Amino acid sequence: MDNKELINKALESSKQAWAPYSGFRVGAAVRLEDGTVVCGNNQENRAYPLGSCAERVAVNYARATYPTVPIVAIAVVSPDSETPVTPCGGCREVLMEAVRAQHGRDIRVIMADRTGNFRETMATELLPFAFRFK
């Protein structure tokens with residue numbers, strides 16, 4: 001599956017987003033090393049801090065369901081954005097936790113706009129000074 005196909009999966013997932021407060025729907029699609037694709041979308045809550053970003057939904061579902069299969073890429077897109085969508089700081093930390101859980105295997109991050117134009121980087125480049133417990 002190429003980047004465009006992964007972006008399309010994320011865009012399709014964004015249709016199921018629950019975003020009644022911001023009106024900003026986001027979809028994410030995670031590709032695992034074995035080719036499995038896991039999708040997620042943002043789920044808002046009227047108590048704002050309790051909402052979940054699309055990236056976190058997809059990454060956490062992938063790690064919970066396929067704990068031994070490394071994540072190789074994630075695409076993030078919003079049908080409501082004219083510019084590529086980037087993960088928030090919390091999602092960047094979640095991506096870095098996945099990198100750590102994969103023994104340092106980096107994750108490609110594909111950030112797209114609603115027309116499919118995208119930018120690509122690696123999780124470690126998005127958050128070069130990730131939180132370290134010790």
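Checked against (1) at pLDDT below 95; (2) loosely packed, with under 15 Cβ neighbours inside 10 Å; (3) on the phi < 0 side of the Ramachandran plot, Gly116 passes all but a single condition, namely (3). Cβ-Cβ contacts under 6 Å between residues 6 or more apart (or on different chains), taken from a first residue in the range 99-111 that is on the phi < 0 side of the Ramachandran plot to a second residue that is surrounded by fewer than 17 Cβ atoms within 10 Å (Cβ to Cβ) and among the β-branched types (Val, Ile, Thr), are listed as Asp106/Thr124; Val109/Thr121; Met111/Thr86.
Scan the range 5-25 and give yes if some residue there is of a type in the set (Lys, Arg), assigned to a loop (DSSP other than H, G, I, E, B), buried (at least 18 other Cβ atoms within 10 Å of the Cβ) and at negative phi, otherwise no. Yes, some residue in the range 5-25 is of a type in the set (Lys, Arg), assigned to a loop (DSSP other than H, G, I, E, B), buried (at least 18 other Cβ atoms within 10 Å of the Cβ) and at negative phi. Here Ala28 does not qualify as of a type in the set (A, V, I, L, M, F, W, C), under 28 Å from Gly104 (Cα atoms), part of a helix (DSSP H, G or I) and modelled with pLDDT of 95 or more.
Residue-by-condition table, conditions (1) in contact with an Asp or Glu (Cβ under 8 Å, 6 or more places away or on another chain); (2) in a helix (DSSP H, G or I); (3) buried (at least 18 other Cβ atoms within 10 Å of the Cβ):
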residue: Arg63; (1), (2), (3): no, yes, yes
residue: Thr83; (1), (2), (3): yes, no, no
residue: Met96; (1), (2), (3): no, yes, yes
residue: Val109; (1), (2), (3): yes, no, yes
residue: Glu120; (1), (2), (3): no, no, no
residue: Pro128; (1), (2), (3): no, no, no
residue: Phe131; (1), (2), (3): yes, no, no
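Quick check on the range 31-51: of everything there that is in contact with a strand residue (DSSP E or B) (Cβ under 9 Å, 6 or more places away or on another chain) and either assigned to a strand (DSSP E or B) or among the basic types (Lys, Arg) (or both), which residue is surrounded by the fewest Cβ atoms within 10 Å (Cβ to Cβ)? Taking the candidates together, the pick is Gln43. Taken over the range 65-93, the residue count meeting the criterion of being charged (D, E, K, R) and either in contact with a strand residue (DSSP E or B) (Cβ under 7 Å, 6 or more places away or on another chain) or over 21 Å from Met122 (Cα atoms) (or both) is 2. Residues in the range 98-107 that are assigned to a helix (DSSP H, G or I) and out of contact with any strand residue (DSSP E or B) (no Cβ under 7 Å at 6 or more places or on another chain): Val99, Arg100, Ala101.
The values are calculated or read from the model by the stated rules, or taken from the named source; none is laboratory data. Computed from a predicted model, the values in this text were never measured in an experiment. Virtual Cβ from ideal backbone geometry, glycine too; neighbours counted across all protein chains shown.
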